[in-house]
1. Can you spot a residue in region 179-196 that is touching a strand residue (DSSP E or B) at 6+ places or on another chain (Cβ under 9 Å), closer than 29 Å to Glu417 by Cβ, touching a residue at least 60 places away in the same chain (Cβ under 8 Å) and not aliphatic (A, V, I, L, M)?
2. Does any residue in region 138-160 that is assigned by TED's automatic domain parsing to the domain that holds Ala15 come within less than 8 Å, Cβ to Cβ, of a residue that is among the hydroxyl-bearing types (Ser, Thr, Tyr) and part of a helix (DSSP H, G or I) six or more places away or on a different chain, and which pairs are these?
3. Would you mind stating whether Ala280 is within 16 Å of Pro328 (Cβ to Cβ), over 24 Å from the mean Cα position of the chain (by Cα) and either among the hydrophobic types (A, V, I, L, M, F, W, C) or at pLDDT below 95 (or both)?
4. Inspect all residues belonging to region 93-114 and state whether any of them is closer than 22 Å to Ser188 by Cβ and touching a residue at least 40 places away in the same chain (Cβ under 8 Å).
5. Checking Arg21 against (1) in contact with a helix residue (DSSP H, G or I) (Cβ under 9 Å, 6 or more places away or on another chain); (2) buried (at least 16 other Cβ atoms within 10 Å of the Cβ): exactly one of these is not met. Which one?
6. Which is surrounded by fewer than 15 Cβ atoms within 10 Å (Cβ to Cβ), more than 30 Å from Ser231 (Cβ to Cβ) and modelled with pLDDT of 90 or more, of Gly10, Gly83, Gly53?
7. Having 2 or more residues that are in the same structural domain as Gly313 (by TED's automatic domain parsing), touching a strand residue (DSSP E or B) at 6+ places or on another chain (Cβ under 7 Å) and under 25 Å from Phe229 (Cβ atoms) is the bar; report the helices (runs of 4 or more DSSP H) wholly within region 332-395 that clear it.
8. Go through Arg341, Arg378, Arg360 for me and flag whichever is under 20 Å from Lys38 (Cα atoms), of a type in the set (D, E, K, R) and out of contact with any Lys or Arg (no Cβ under 8 Å at 6 or more places or on another chain).
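The values are calculated or read from the model by the stated rules, or taken from the named source; none is laboratory data. No experiment lies behind these values; they were computed from the predicted model shown. Every residue, glycine among them, receives a Cβ derived from its backbone with ideal geometry; neighbour counts consider all protein chains shown.
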Amino acid sequence: MPVTPAAEAGRVIDAVLRDLRTGDHRGIVVDSPPGAGKSTLVVRAAGELAATGTPLMIVAQTNEQVDDLIERLGVRSPEVTVGRLSAVDYQPSDRVKEHPACRVGAKVADLQSPAVSIGTAAKWATVADGVWPWAIVDEAYQMRSDALLRVAARFERALFVGDPGQLDPFSTVDVDRWTGLSWDPMQSAVAVLLRHNPDLPVHRLPVSWRLPHSAAAVVAEAFYPFTGFRSGTGPGARTLTFERGGGPLDDVLDTAAATGWGLHRLEQRFTIRTDAEAAAACAALAGRALARGGVAVSEAGEMPLTAQRIAIGAAHRDQAAAIRAQLPPEAAGVTVDTANRLQGREYDLTIVLHPLSGRRDATAFHLESGRLCVLTSRHRHACVVVARDGIAELLDEHPSTEPVHLNVPVKFPDGWEANQAILAHLNR
């Protein structure tokens, strides 16, 4: 009898929690595909550890992630006291205020010894005193190794949870001087952890509850070729429908609604980065999706496709600004942002401006597999990619030419190959 997605995921989660309770390793790593329930696991693990009377610290990478975890902790374990480490001028968000037992403070002493202390990695780096028996590091693949080094003295054992296919840590300064060194700060926290502790247990969540059946295999093949994952829903379990329309934009939306994917092709030519025609197409697609009264049906029920459930993603902030400026009035609530800021969020319909659209070259930034992975894995129903023709030829003319460094593990998947895999599916 086939194993259900819930049962398969449950086995892995039980194994993780068993290692937390009875294991003697100093660290546990959990790899997760997009939408596999990383935050749910973090909140459940925090609740179970807190129930034993063991105080713990949670390290997240952004204030948005911290507030999201506090909200989830309040829903799942409202009786667990939470301390939110923050800057002196931090103004608690509504999600933090609604937690029934959350205290906010700029110093650990201000929190009055809660069961769970939570803050960003940058804030924890300013804490000089105190040791917690347990730490949970959320989005650990986004965390730079030097950030882990700055907080490692604060905990005895840790659970690291993250998505290996997403964007790597980045820096705005030149970091070539450290390439290949074991203390290279641009390695992710998990990469350094496993490099120095190869015997640590690594668990992999096998099911994406966000991606529909039409997307799981595509994303897995392109970005997770060695581990893979499955969708938590089967064929036809989710549907997206629009009222009747006509024209190229509507044809693309209808294709995306029927197959989960759409490709809006523009004429091949080289453009400046803020391609006005491509930006207008992204904005117009969002406007048409709303004007046609989309309806999304899933295991959560039947809901209208609203502006808040649509996102447009791009590689650069100036591209996002150009798209935002062209949104029609009815699409004012559509989220328009870069891959870095869309990471961890989900929508019913996503529209993606391809990072290589209109370019003369394929740089390492635009070829990074994690960027395209984030952009093409935010949706619950459908994803539409806007791109100028010629990307396949561009990739053929610019194969990966990044230098190979000693002592630097080869990163998989290769960005060139991942881009080809996604394009091949969209063209089919």
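1. No: zero hits.
2. The qualifying pairs are Asp138/Ser39.
3. Here the answer is yes, as Ala280 does meet what is asked.
4. Taking every residue of region 93-114 in turn, none turns out to be closer than 22 Å to Ser188 by Cβ and touching a residue at least 40 places away in the same chain (Cβ under 8 Å).
5. Failed condition: (2).
6. Gly53
7. 339-342
8. Details: Arg378 fails: out of contact with any Lys or Arg (no Cβ under 8 Å at 6 or more places or on another chain); Arg360 fails: under 20 Å from Lys38 (Cα atoms).
Result: Arg341 is the single residue among Arg341, Arg378, Arg360 that is under 20 Å from Lys38 (Cα atoms), of a type in the set (D, E, K, R) and out of contact with any Lys or Arg (no Cβ under 8 Å at 6 or more places or on another chain).
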